[in-house]
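Q: Following this message is one structure expressed as structure tokens.
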Amino acid sequence: MRGEDKLPVLPFPAPNASHTPPDTPIKATDTADMLAHAIEALQRAMAPKPADPRAGDVPAQGDGRDCVEEDSFTPVGEPRWRGAASRRQTDSAKTSTPKTGTPKDGRMDVASRAFTPTDKDPLARRITALHFPRLTINRWQRHMDRTGQAPPPEIPIALAVEGSHGPVVHATNRAADQTGVHIGARVVDMRALCPELQVEFADVGGDQAALKRLMLWVRRWCPWSALDGPNGLILDTTGSDHLWGGEAAMLREIEGKLSTLGLETDLATAPTHGAAWALSRFGGVREVCLADELAQRTAPLPTAALRLQGDTVLLLKRLGLKTVGALADVPRLSLARRFQRAELGQNPLLRLDQMMGRMGEPLQSPDDPPRFSVQSNLAEPVLDPEPHMPDMAKELCAGLHAQGCGARRVTLTIYRTDGDVDRISVATSQASRDPAHILRLFDGKLERLNPGFGFDLITLDASVVEHVQRVQTRIEGGTDGGAELAHLIDRLSAKFGAENIRRPAPRDSHVPERREGWQAAMAPDGASLPAHTRPRPLRLLQPPEDIRVLYAVPEGPPAQFMWRRLTHKVVRFEGPERIAPEWWRDRPGTRLRDYYRIEDQNGCRYWLFREGIAGDGRGGAPRWCVQGIFA
């Protein structure tokens, strides 16, 4: 007999003095009288004692009849007095039998003994776990397929992230797995093992954003879903499987839909979150576990299936507990004493209780994001949606304003009478909820719609929204967040195309020609960079133009230079300001630069630099260039 199967040793309650007859010898003449007296004594001993309303739920410390012996076993985390009270209530419920008519004193009728929510079976739920073992590499492979740069499948590929001692492997394809490349190893070590390994950097933020979108997408199979780690989802499919022909058919449907997205998926359905998580990662293909098979199906799984940390799994292996079944055979009291102060991720007893349904683990499903959409049902087909759009735009912006949001993309959709659908989208550089501005972006685009024989339904959706924070920036009230410039960018992008409108954007670089670049005007503003401590020219020449100089000292400023066939004599100068090459971007052998601010005889100021130093061993004579002109 295992330790957890031992029966608790409970103190036999003393009979109540008010109901117990005096201790007089029982004089029975036959066996029937002795049996009747024995049954009556047993019933008095098992009858519940009257509860004291002043005592509440907590028993008195000095009353030995209400306390439980220290040798009895109780569930971990449950106080002993609560366990004793629940057992006394269970015993009283077993001894009392419902009868028709008026209930007797101290008994409850059938109506009062109705089923309560706390009596629900914890194993009646159905939880489905989705595991994406190659989410990162699947997304990267799909992106390369779209761009037409996908490598052959036999080439080993690894995606890396920055580690404390250099890049480490974050994801691999099957070809890399066959060569021995494993996740968590350093890239330099894996390249020594596999010289033909191709390494790219992983998009961890994009993977998490895609997983969040996928969490909302899978709600077509059930109303509740949530994230389950960095590469998994959890679904509460209780009562949803009959819509798909059973759980097995539902799992096949989910796997087929996800495969069309290019994602490899491991699925499992079980009564608890822990069991579904374990079977999806360590079980078979599309595992379906029923409540009565829970202990049998999870017993051969390794202890890592309990969602324990690596050091706890290693400790259990050293103790000889390599499977869930071996861990379940250990007496609960021993595990409770060993891991009583351990956290959830390091406590195998709590994880085992979660897997078996003895400990609750609710599913925290986030709410769906708000959807902003208005529609207009027309009494008869029309050919022009423009008369209906002002009211729809006002209603849409009112909903956005009520939720504190603004639209970044608005889509107009028309549903024709012949069943076809046509739509037009406009975008904004900043979140907007101005109906007049949104309507103006549709100017010149409504002619692209094909009304056919007419349409009788129009919808206006804010497909991409952002939260808008209005902060007063002027003393007379109101805000000045660059709305006029944003409206101008929106109108130009709507007329000429977003890809044809660009604006300068700062870059984090010390090299002058790399500090500024061009980006799409519709792109969000990046982080602002600190201003230069040294003055910079108003006009920057790109690329720098070569000049010929005369100087007194090779390491000093020029005394005279010729640029664009004109000779300039240096009257004043300031410098040098040395800018070293960026070793993480420039090629080996790139020379440093010494910048000078020069003023010629006409009062014009230029920004010159000397690239390299004589005798630095990185080329011939230094090169002189002019790169900027001051105002």
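Q: Could you state how much accessible area Thr238 has, in square angstrom rounded to the nearest 10, with a 1.4 Å probe and all protein chains kept in place?
A: Accessible area of Thr238: about 60 Å².
Q: Let me ask another. Please report the net charge: other residues with Cβ closer than 10 Å to the Cβ of Thr413, K and R +1, D and E -1.
A: -1
Q: Same structure, new question: For the stretch 495-510, in order, what is each residue's ³J(HN,Hα) by Karplus, 6.51 cos²θ - 1.76 cosθ + 1.60 with θ = phi - 60°, in whole Hz (x at glycine and Pro)?
A: Values per residue, Gly and Pro as x: 8, 9, x, 5, 6, 9, 10, 10, 9, x, 9, x, 10, 7, 7, 8 Hz.
Q: Shifting gears a bit: List every residue whose amide H lies under 5 Å from the amide H of Gln560, counting only residues 5 or more places away in sequence or on a different chain, with H placed 1.01 Å from N in the peptide plane.
A: HN-HN under 5 Å from Gln560: Leu550, Val570.
Q: I'd like the chymotrypsin sites (Phe, Trp or Tyr not before Pro) in the stretch 523-631 restricted to DSSP loop residues with at most 15 other Cβ atoms within 10 Å, sorted by number.
A: Listed in order of number, the matching sites are Trp583, Trp584, Phe630.
Q: Mind checking Rg over Rh on the stretch 153-291, alpha carbons, Kirkwood formula for Rh?
A: Radius of gyration over Kirkwood radius for the stretch 153-291 works out to 1.05.
Q: If you take the C-alpha gyration tensor of the stretch 121-369, multiply each eigenvalue by 5 and take the square root, what semi-axes do you get, largest first, in whole Å?
A: In descending order, the three semi-axes are 32, 25, 15 Å.
Q: Once the whole set of protein chains is in place, how much accessible area is left on Val549, using a 1.4 Å probe, in Å² to the nearest 10?
A: Using a 1.4 Å probe on the heavy atoms, I get roughly 30 Å².
Q: Where Lys and Arg each count +1 and Asp and Glu each count -1, what net charge lies around Ile501 among other residues with Cβ under 12 Å from its Cβ?
A: Taking every other residue near Ile501 into account, the sum is +2.
Q: Once the Cβ-Cβ distance between Arg618 and Ala523 is put in as r, and R0 is 41 Å, what FRET efficiency do you end up with, to the nearest 0.05?
A: The pair Arg618/Ala523 has a calculated efficiency of 0.65.
Q: Mind ordering 271-277, 246-252 by average Cβ neighbours within 10 Å, highest first?
A: For the peptides 271-277, 246-252, the packing ranking is 271-277, 246-252.
Q: Just by accessible area at a 1.4 angstrom probe, what is the order of Asp616, Asp228 from largest to smallest?
A: Asp616, Asp228
The values are calculated or read from the model by the stated rules, or taken from the named source; none is laboratory data. Bear in mind the structure is a predicted one, so any value in this text is a computation, not a measurement. In this analysis, Cβ positions are derived from the backbone assuming ideal geometry, glycine residues included, and neighbour counts consider all displayed protein chains. Areas reflect the complete protein model, heavy atoms only, side chains present, ligands, DNA and RNA absent. Shrake-Rupley method; radii C 1.70, N 1.55, O 1.52, S 1.80 Å.
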